[in-house]
């Protein structure tokens, strides 16, 4: 389970702690989370359009929400 990684990613994203988000990107075992963080940080630092940055931000938050909903202990117990 990667619940702690998702919690950290959500916290770092909402509070703008980009350095900590970068460290999480490298350390997490969830490849999809790592890629979503990479895309967002790249868009944030090098993006030229606000729409691109906001889209990457929304994609990251959507993935975190989706992953947390499907990796809760209740969902694991049902399997």
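None of the figures in this text is laboratory data; all of them are computed from the coordinates on show. Just so we're clear, the structure is a prediction, and the values are computed from it rather than from any experiment. So basically every Cβ, Gly included, is an ideal-geometry build from the backbone, and we count neighbours across all protein chains shown.
Ranked by the mean number of other Cβ atoms within 10 Å of their residues, highest first, the peptides 57-63, 29-35, 47-53, 7-13 fall in the order 7-13, 57-63, 29-35, 47-53. Once you keep just the Cα pairs under 8 angstrom separated by 6 or more residues, what percentage relative contact order results for the chain? This gives 32 percent for the chain.
Taking every DSSP helix (H) stretch of at least 4 residues in the chain, weighting each as -39,500 (n - 2.57) and dividing the sum by the residue count yields a mean residue ellipticity at 222 nm of -26500 deg cm²/dmol.
Between helix 3-15 and the chain, what is the angle of the helix's C-alpha long axis to the longest principal axis, kept within 0 to 90° and rounded to the nearest 10? Tilt of helix 3-15: around 30 degrees. Summed over all non-identical Cα pairs, the Kirkwood treatment of the chain gives a radius of 12.8 Å. Compared with the dominant principal axis of the Cα atoms in the chain, helix 50-70 is inclined by about 10°. Remark: spin-label model distance residue 49-residue 70 equals 2.8 nm, labels positioned 7 Å along the Cα→Cβ axis.
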